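Novice: Sending over a structure as structure tokens; questions will come in a sec.
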Amino acid sequence: MKKKFSINIDNSINSGQVFLWRKNKDYWYGVNGTDILKIDKNAKIESFQNGITDFFRETDDMQEIIKSISKDKIVKDAVKKFQGMRILRQDPFQCLISFIVSSNSNIPKIKFCLENITKKFGKKVKWDGLEFHLFPKPQKLAKASPADIKSCGVGYRDSFIIQAAKMVSSKEIDFEDLKKMNYNDAKEEICKIPGVGNKVADCVMLFSLDKLESVPLDRWIVKILSKYYNDKFEIKTKTITPKQYDVLHQKIIKYFGPYAGYSQQFLFKSEREKNQKSWVLNP
């Protein structure tokens, strides 16, 4: 009989995966594309659009995943400390824009920029006495001017956002097709989007396209691997080239297995907590 794994909503949302979320009394509310999700303390989800979503990936075999990634004491301790944290299944377009915005930034700044984008380009709705702005559709951002996008605080990423929106709205980038592709083919396609490199592509694939072998190698993960796993991964520099990225990713998959994205998320959450870094909503 399979063990039932609970879902820790706070740990899942406050783990660097999503940014347009807020807590009101006993409920979490979050923008997920053109929908708003309301989550109670039991992880029951209500949808503003009456949609159906497996946001917490409840169909994942967490018993198998945790068994697979628990290769050493470091990961085991992180899994134990942050029990119930899940990889989230997000709206792909919102996820793509979120991580284009995330380049060379931090979580409070990313949240600030994305809130500005939704307020400027998204539809305003009211639910439960609260006001929200839905995430704009690709077609809306594709028609925006660089100046209007830049006014949201995104800096040099304005043209990347517009070009990404154009490629999605024209179906040059088709998220449903990407979900069906293997990891390497999907990554090759996503990296055709200007402003999308290895790390952003891995974030989009892990958090919205069901590629659990994706491991976003940002400065935090490189630092973690260097600090705790240097004997295994032999990281010599603080930054890595695209070629080094691919080699390191292959080594990570070989060590952590096909659910390496989960191991990355637990390690990331644990190390940031140790360093008392800001989340979407700090306790």
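Read the figures in this text as sums done on the coordinates, not as results from a lab. Because the structure is a prediction, the values reported are computed rather than measured. Note: ideal-geometry Cβ built from the backbone for every residue, glycine included; neighbour counts use all protein chains shown.
Novice: For the chain, what is the charge dipole size about the Cα centre, in debye to the nearest 20, if Lys and Arg each add +1 at the Cβ and Asp and Glu each add -1 at the Cβ?
Specialist: That gives a dipole near 780 debye.
Novice: Please compute, over every Cα-Cα pair in the range 159-283, the percentage with a separation greater than 21 angstrom.
Specialist: Summing the P(r) tail past 21 Å for the range 159-283 gives 44 percent.
Novice: Here is a follow-up. Which net charge results when you count Lys and Arg as +1 and Asp and Glu as -1 among the other residues whose beta-carbon is under 13 Å from that of GLN163?
Specialist: +2
Novice: Between LYS243 and ARG219, what FRET efficiency follows from the Cβ-Cβ distance if R0 is 22 Å, with the result rounded to 0.05?
Specialist: That gives a FRET efficiency of 0.75.
Novice: How high is the relative contact order of the range 1-133, in percent, counting Cα pairs under 8 Å that sit 6 or more residues apart?
Specialist: Normalised by residue count, the contact order of the range 1-133 is 28 percent.
Novice: If you take the charge dipole of the chain about its Cα centre, with +1 on Lys and Arg Cβ and -1 on Asp and Glu Cβ, which of PHE19, SER270, ILE253 is farthest toward its positive end?
Specialist: Checking the options against the dipole of the chain, the answer is SER270.
Novice: Distance cut-off 29 Å, Cα to Cα: go down the list LYS41/LYS71; LYS44/LYS137; LYS41/LYS150; LYS44/LYS124; LYS120/LYS166; LYS73/LYS180 and report the pairs above it.
Specialist: Where the Cα-Cα span goes over 29 Å, the pairs concerned are LYS41/LYS71; LYS41/LYS150; LYS73/LYS180.
Novice: Just add up the charged neighbours of THR34: K/R +1, D/E -1, any other residue whose Cβ is under 14 Å from the Cβ of THR34.
Specialist: Charge balance in the 14 Å sphere: +2.
Novice: Oh, and also: So what's the net charge close to LYS73: Lys and Arg +1, Asp and Glu -1, counting the other residues with Cβ under 13 Å from its Cβ?
Specialist: That sum, taken over residues with Cβ under 13 Å, equals +2.
Novice: Using r as the Cβ-Cβ distance of LYS41 and LYS236, and R0 as 51 Å, what FRET efficiency do you calculate, to the nearest 0.05?
Specialist: 0.65
Novice: How big is the shadow of the Cα convex hull of the range 9-274, averaged over all directions, in nm²?
Specialist: 13.7 nm²
Novice: On to the next question. How big is the Kirkwood radius of the range 1-124, worked out from every pair of different alpha carbons and given in Å to one decimal?
Specialist: That comes to 15.9 Å for the range 1-124.
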